[in-house]
Amino acid sequence: MKEREELEEELQIYKERLEDAMETGNLAWWEMELPSGEIQFNDRKAEMLGYPPEKFEHYTDFTDIIHPEDHDRAMKAMKDHLEGKEKRYEVEYRIEKDNGEYKWFRDVGSITEEEGEYKKVTGIVIDIDERKRIQEHEKFLHSLLRHDLRNKIQLIQGYLDLLDMNYELPEEAGGYVKKAKKGVKTSVDLIEKVRTLIRASDEKRKKVRLETSIRDAVEANEDRMEENDMEIEIKDQDKSFYVRAGPLLKEVFSNLIENAIKYSGGDEIRVSRKEVDGKIICSIEDDGEGIPDEKKEKIFNRGFTTNEERGTGLGLYLLRDLVETYGGGVEVEGSELGGARFDVYLEKGD
């Protein structure tokens with residue numbers, strides 16, 4: 001009796017260790033019986049999607065919420081294993097969470113019991129959403145260097161070739177020179193933005209004094225403000241906030257201030273900070289033309305720009321990406337001053 005109790009106690013310890021390991025590794029186990037389709041699984045399999053475990057009783061309860069683009073591929077992977085074409089079932093797919101968003105998982109399993117028509121398939125599902133996000137991030141950066149930047153350089157080369165064909169440089173050639181210079185400048189700006197984002201990916205978040213980043217951003221734009229007869233007000237300068245970020249945080253504020261100077265058409269910029277629900281919010285607002293509501297939802301999208309003459313539409317996209325590497329976010333609203341207000345959300349630096 002005592003030996004049995006000790007064995008049960010030891011098994012319970014191993015079970016708890018296994019549960020801890022699964023939680024740490026963002027994974028869960030599952031079993032499926034065929035032909036009935038009944039399933040058993042670790043509760044974390046449902047909880048990682050935001051659902052109560054009782055929602056799932058049959059394997060189709062899971063497969064019905066696999067992303068339409070991944071569904072057939074996932075079904076084929078299981079079919080190939082069951083028919084002996086593959087040694088195990090292995091696939092990566094997106095599956096819908098309770099909030100309508102999709103999350104990436106890697107699913108691996110194999111037949112563990114088989115007798116006649118009866119089969120039991122056992123496996124594990126692993127949360128790979130963060131890894132996929134990083135892969136997509138890297139893919140985007142490579143795309144920028146490979147495609148977007150190459151196109152800009154080809155544009156420059158094309159105009160230079162036209163100049164070579166016109167040794168006397170007629171008046172029209174002046175236009176080509178102007179466009180070539182613009183192409184060069186755009187390419188340089190693009191390279192710098194990519195370099196900034198790559199550096200941000202390598203940064204480790206630490207406790208940063210918010211006011212230092214704001215002050216550096218203001219100083220970097222002093223000449224532009226003077227040239228455009230704009231003034232900047234930093235409210236409650238005696239207050240001090242600390243956030244979790246990196247040295248490139250000043251680039252976020254510098255970019256927003258520079259945009260307000262160049263494009264708002266206003267005379268005043270205001271910077272303010274506050275704490276809300278454990279987050280520090282830094283707002284950059286102006287008294288300019290503002291941003292139409294229909295464009296506020298698109299302004300952070302890759303490639304979106306309100307004016308192609310102003311740039312590639314990558315600035316705010318990369319800015320938001322940079323802030324998100326710090327665990328924060330960026331939103332745009334209307335300003336009490338009459339123009340636009342950009343709210344930068346950052347984690348509090350305790």
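Any read-out appearing in this document is the output of simple, stated calculations on the displayed coordinates, not a laboratory observation. Quantities reported herein were computed from a predicted structural model and do not represent experimental measurements. Heads up, the Cβs are rebuilt from the backbone with ideal geometry, glycines too, and the neighbour counts pull from every protein chain shown.
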Task: Interchain or long-range residues, amide H under 5 Å from Lys119's placed H - done: Leu34
Task: Sorted peptide list for 120-126, 173-179, criterion being average Cβ within 10 angstrom, highest first - done: 120-126, 173-179
Task: Relative packing of 283-290, 46-53, which averages over residues the other C-beta atoms within 10 Å, highest first - done: 283-290, 46-53
TODO: Return the sequence-ordered ³J(HN,Hα) values of the stretch 106-123 in whole Hz as given by the Karplus equation 6.51 cos²θ - 1.76 cosθ + 1.60 applied to θ = phi - 60°, using x for Gly and Pro.
DONE: 10, 10, 9, x, 7, 6, 10, 9, 8, 7, x, 6, 6, 9, 10, 10, 10, x
Task: Residue-count net charge about Tyr345 - beta-carbon cut-off 9 Å; Lys, Arg +1, Asp, Glu -1 - done: -2
TODO: Would you work out which of Ser283, Gly339, Gly327 lies farthest towards the positive end of the dipole of the stretch 204-350, given +1 charges on the beta-carbon of Lys and Arg and -1 on that of Asp and Glu, about the Cα centre?
DONE: Gly327
Task: Overall Cα dimensions of the stretch 32-75, principal axis frame, Å, largest first - done: 26, 25, 13
TODO: Under 24 Å Cα to Cα from Lys132, which lysines show up? Leave out anything in the same chain fewer than 8 places away.
DONE: Lys45, Lys76, Lys97, Lys103, Lys193, Lys204, Lys298
Open item on the list: Apply the Karplus curve 6.51 cos²θ - 1.76 cosθ + 1.60, θ = phi - 60°, to the phi angles in the stretch 174-185 and return the couplings in whole Hz, x for Gly and Pro.
Closed with: x, x, 5, 4, 4, 5, 5, 4, 5, x, 4, 4
TODO: Tabulate in residue order the Karplus-calculated ³J(HN,Hα) for the stretch 205-217, using 6.51 cos²θ - 1.76 cosθ + 1.60 with θ = phi - 60°, rounded to whole Hz; enter x for Gly and Pro.
DONE: 5, 8, 6, 10, 6, 4, 4, 5, 5, 5, 4, 5, 5
TODO: Taking the Cα centre of the stretch 204-350 as origin, sum charge times position over the Cβ atoms of Lys and Arg (+1) and Asp and Glu (-1), and report the length of that vector in debye to the nearest 20.
DONE: 1060 debye
Task: Interchain or long-range residues, amide H under 5 Å from Ile269's placed H - done: Glu231, Ile232, Glu233
- [ ] Take the Cα pairs of the stretch 26-178, get the Kirkwood Rh, then feed it into Stokes-Einstein at 37 °C and 0.692 mPa s and tell me D in µm²/s.
- [x] 171 µm²/s
Open item on the list: Quick check on packing: order 220-227, 88-95, 60-67 by the mean number of other C-beta atoms within 10 Å, highest mean leading.
Closed with: 88-95, 60-67, 220-227
Task: Approximate spin-label separation Glu333-Glu38, in nm, with each point projected 7 Å along Cα-to-Cβ - done: 5.3 nm
- [ ] List the relative contact order of the stretch 204-350 as a percent without decimals, with contacts defined as Cα pairs under 8 Å and 6+ residues apart.
- [x] 27 percent
